[in-house]
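Structure record follows, encoded as structure tokens.
The values are calculated or read from the model by the stated rules, or taken from the named source; none is laboratory data. Bear in mind the structure is a predicted one, so any value in this text is a computation, not a measurement. Glycine also receives a Cβ, built like all others from the backbone with ideal geometry; neighbour counts cover every protein chain displayed. SASA here: full protein model, heavy atoms, side chains in, ligands and nucleic acids out. Shrake-Rupley method; radii C 1.70, N 1.55, O 1.52, S 1.80 Å.
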Amino acid sequence: MPARVGVDSYAYHRLLGEVRRGEVPPLHVFPRGSLDVVAEARRLGLDFVFLQTSFLGDPTGFSAAAFVGEADGVAVGLSWGGLEGLASGERTGALRGLLAWLEPAAQLGLPVMRIVAGGPAHRGRHAGRLAGLLREACAAARDHGLLLALENHGDLTADELERLVEQVDDLRICFDTANALRVGDDVAAAARRLAPAVEILHLKDCRPSWDDPAAGPVSVPLGEGVIPVDEVLDACPDALACIELGQLSADADEHALVGAYVEYLRAR
């Protein structure tokens, strides 16, 4: 079993109000929003939960104390960036949004925040300013006692992530298994290569192909898709093993899927 197992709130994106193209709206949503995600993490006995800031509203109105109280000992952190993040350096104003969430993240207590440089639309469009923006962000995060973990968000290959880590002091990696497949990486080889810098694993298993390139890989239970999950876990034994789901099939049940992921990880 990984040292620490948790969940990212995007696993419950439909229940938080985001129904992606091709998905079926859920019968019920979380009435308390992200607080209900924290309650689920506590119910499942998880070690931590990451909350997507795109579901949290404005940082000035965010109450860290409410989430810490709901967590009752489960570590809470933030996932910043939504679909575009820093827009690969093309939209400099995006950095202000990242910086605004550092103080709330520090108040929650989990000392790492996941961020994204861009999304699938930014693949191959990495502006020269990206490394500089990441340096500024990492320096500000240090002042708050935080590390930033950059995700391969359907935009960055292992090569590109490795170069950014070399260029930016203290930058860490959130390695997403399905997104590695999406950009054409050998998933296990990329995990082994990036392992020294991997702080968070976004664990998704998925189908070998998908009908909608914009939607991306369709999530399935761990061990039932094409992701070499055990090889990735073996390559990054000290990383936070974070359950996340992407595109959901018409018959998907996120509660059942997350529960199955937890069982798989605990059985290792």
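Under the rule that an exposed site lies in a DSSP loop and has at most 15 other Cβ atoms within 10 Å, name the longest stretch of the chain with no GluC sites (Glu not before Pro) of that kind, not counting the sites themselves.
For GluC sites (Glu not before Pro) (loop position, at most 15 other Cβ atoms within 10 Å), the longest site-free span of the chain is 91-223.
Projected area of the chain, taken from the Cα convex hull and averaged over every viewing direction, in nm²?
12.5 nm²
Evaluate the relative contact order of the chain (contact order divided by residue number), counting alpha-carbon pairs under 8 angstrom at least 6 apart; express in whole percent.
20 percent
Full-extension gain between Ala66 and Leu99, please, as 0.36 nm times their residue separation minus the C-alpha to C-alpha distance.
Length gained, Ala66 through Leu99: 9.8 nm.
Please list, by residue number, everything in region 225-244 whose backbone N is under 18 Å from a paramagnetic label point 7 Å out along Cα→Cβ of Glu18.
Those under the cut-off are 242-244.
Of all the accessible heavy-atom surface of the chain, with the other protein chains kept in place and a 1.4 Å probe, what percent is carbon and sulfur?
Solvent-exposed carbon and sulfur of the chain make up 50 percent of the total.
Would you please state which residues of region 98-132 a label at Glu90 would reach in this model, taking the label point 7 Å out along Cα→Cβ and a backbone N cut-off of under 12 Å?
118-128
Rounded to the nearest 0.05, what FRET efficiency do Glu263 and Arg32 give with R0 = 30 Å and r taken as the Cβ-Cβ distance? Could you check?
Efficiency at R0 = 30 Å is approximately 0.70.
Nearest 0.05, what FRET efficiency do Asp230 and Asp159 give at R0 = 25 Å with Cβ-Cβ as r? Don't jump to the answer; show the numbers that get you there.
Working: r = 24 Å, r/R0 = 0.97.
For R0 = 25 Å, the calculated efficiency reads 0.55.
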